[in-house]
1. Assuming R0 = 22 Å, can you tell me the calculated FRET efficiency for the pair Asn83 and Arg29, based on Cβ-Cβ distance, to the nearest 0.05?
2. To the nearest 0.05, how large is the calculated FRET efficiency for Lys75 and Glu46 if R₀ is 35 Å and r is the Cβ-Cβ distance?
3. For the stretch 15-96, which trypsin sites (Lys or Arg not before Pro) are both in a DSSP coil and crowded by at most 10 other Cβ atoms within 10 Å?
4. Leaving out ligands, DNA and RNA, what percent of the accessible area of the chain is carbon and sulfur, probe 1.4 Å?
5. At 7 Å along the Cα-to-beta-carbon direction for both Lys64 and Ser7, put a label point, then send me their distance in nm to one decimal.
6. Hey, got a sec? Which chymotrypsin sites (Phe, Trp or Tyr not before Pro) in the stretch 59-120 land in a DSSP loop and have at most 10 other Cβ atoms within 10 Å?
7. Report the accessible area of Ser70, computed with a 1.4 Å probe over the heavy atoms of all protein chains in place, in Å² rounded to the nearest 10.
8. Which shape class, rounded, prolate or oblate, goes with the stretch 1-81 when its Cα gyration tensor gives a ≥ b ≥ c as root eigenvalues, a/c under 1.5 marks rounded, and past that a/b bigger than b/c marks prolate?
Amino acid sequence: QVQLVESGGGLVQPGGSLRLSCAASGTIRRIYTMGWYRQAPGKQRELVATITDGDTTNFTDSVKGRFTISRDNAKNTVYLQMNSLKPEDTAVYYCNTVLSVPAGFRLNAWGRGTQVTVSS
């Protein structure tokens, strides 16, 4: 059993910053890719950023230069530092991991989501 616990969401004013955290727990052999997706009202869920076990990062164009993704392997945790936030960043943010368990198979795990609201 693997669980992802997200934290750090909330209400912030335009131009402000917020840092999201996601900690994975359970019987994990290794974690490959960790990332963040978001879903705004009336829109499809979209990729925000990912980071591999080799620290290769990928960002959607709309957040490049503003967001940073990082990971702490000792804590099985991924972070999303969000700066210069805009109202259009408002969405539910979901943590995602690709990992393997001791039995050898892989799974794609999702968190429950955390609300980020950018408004004055």
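1. On the way: r = 34 Å, r/R0 = 1.54.
About 0.05, to the nearest 0.05.
2. Details: r = 26 Å, r/R0 = 0.76.
Efficiency, from the Cβ-Cβ distance: 0.85.
3. Numbers: sites: Arg19, Arg29, Arg30, Arg38, Lys43, Arg45, Lys64, Arg66, Arg71, Lys75; in loops: Arg29, Lys43, Arg45, Lys64, Arg66.
Counting only loop positions with at most 10 other Cβ atoms within 10 Å, the trypsin sites (Lys or Arg not before Pro) in the stretch 15-96 are Lys43, Lys64.
4. Working: 2890 of 6370 Å².
So the carbon and sulfur contribution to the accessible surface is 45 percent.
5. Distance between label points: 3.3 nm.
6. Working: sites: Phe59, Phe67, Tyr79, Tyr93, Tyr94, Phe105, Trp110; in loops: Phe105.
Passing both the DSSP loop test and the Cβ count: Phe105.
7. Approximately 50 Å² for this residue.
8. Details: a/c = 1.70, a/b = 1.54, b/c = 1.11.
Prolate shape, in that a/c is at least 1.5 and a/b is the bigger ratio.
The values are calculated or read from the model by the stated rules, or taken from the named source; none is laboratory data. Note that the structure is predicted; figures quoted are calculated from it, not measured. So basically every Cβ, Gly included, is an ideal-geometry build from the backbone, and we count neighbours across all protein chains shown. Keep in mind that these areas ignore ligands, DNA and RNA; they rest on the heavy atoms of the full protein, side chains included. Shrake-Rupley method; radii C 1.70, N 1.55, O 1.52, S 1.80 Å.
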